[in-house]
Amino acid sequence: MRTGVFAEKESHVHVASRQLLLDSSETLPEPLGGVVATAGGKPGEVAGVVQASLRQHGAAVVELEGILSDDDFRAFGAHLGNAMPETDPAVQPFVTDGVILNLVTRHAHTADTSLQPFAENSLSLHAEGSGRTAGQQPRYIVLMCQDPGADPASAQTVLVPMSDVHQRLSPEHRAVLSRTRYAHLPAGETILRELDGRPVFAFRDFLHDKLEWVNEGDDSDDAVDQALQALLAGMYTTGATGVHWRRGLLVVIDNTYFFHGRTAGVSSPAHPRHLKRLRLH
Ligand SMILES: [Fe+2]
């Protein structure tokens, strides 16, 4: 077993690719080829439409006939899984009913990571809860647009298929990633795993923060470093799509099929963007 630290360098391929994808105001193609199902206002009906799409695509993009109330939003979520409580003290002003996070753009660009979901910053690609064990990670991230804000083309929610990223990795890089985990996680909770015969990643782009890792095999420091660089390069150069938010749009992401992130936004105090989020497991 080996331990080490991965630190991003300016020269890494993914740094320029990330800038291009998330911070250059690019308008991305919509997820699922822009195919949008519509659903009425009943939670059970919406859940039926969403479940069919999740089975087929690992994501769902649904146009609602009307915004769901918080009660109906939670009732919809209950068809897919158990809502995870929002416990972070920093986000409590934005939480309703203990489980709904109101993502409202309130801040200009900030270095405070706990405020970044509510700021103009782009959000680097990640699997939700990558720092937790697989059993503690949400399976679905649900986002419903209450108000797209003054500039709907900004702050696109970005989806990148894990299967595409996996395909771009060499067999050697895949093998190393399936033997490497975050240092604080228990044995077996590796960055690359298999679920129902599919490759699944539990990984976040830490940006400028260091990633402390443990390798459960005997791969060299250099081999782990190269594999993580290849993973990051793959994440930022592979089939990204972006949600163009509009009122009543509901997007559900299966956390075992897609990495997600967000392009940079523009805060408009007079007309902020407002998404509602549930995390389900
Ligand atoms: Fe996220």
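The values are calculated or read from the model by the stated rules, or taken from the named source; none is laboratory data. Everything numeric in this text was worked out from a predicted model, so none of it was measured. Note: ideal-geometry Cβ built from the backbone for every residue, glycine included; neighbour counts use all protein chains shown.
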Take the residues in region 125-155 that are buried (at least 19 other Cβ atoms within 10 Å of the Cβ) and at pLDDT below 95; name whichever of them is nearest to the ligand (Cβ to nearest atom). Ala155
How many residues are more than 14 Å from the ligand (Cβ to nearest atom), in contact with a strand residue (DSSP E or B) (Cβ under 6 Å, 6 or more places away or on another chain) and aliphatic (A, V, I, L, M) if we restrict to region 99-118? 4
Region 156-184: number of residues that are surrounded by 19 or more Cβ atoms within 10 Å (Cβ to Cβ), assigned to a loop (DSSP other than H, G, I, E, B) and not polar (S, T, N, Q): 2
Selection from region 42-63 of residues touching a helix residue (DSSP H, G or I) at 6+ places or on another chain (Cβ under 7 Å) and either closer than 24 Å to Ser122 by Cβ or outside any helix (DSSP H, G or I) (or both) yields Ala59, Ala60, Val61, Val62
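What strands (runs of 3 or more DSSP E) lie completely within region 213-281 and have 1 or more residues being away from the ligand (no atom under 15 Å from the Cβ)?
On the way: elements: 241-243, 249-254, 258-262, 274-280.
The qualifying strands (runs of 3 or more DSSP E) are 241-243, 249-254, 274-280.
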Scan (1) within 25 Å of Arg262 (Cβ to Cβ); (2) over 21 Å from the mean Cα position of the chain (by Cα) for the single condition Leu192 breaks and write down its number. (2)
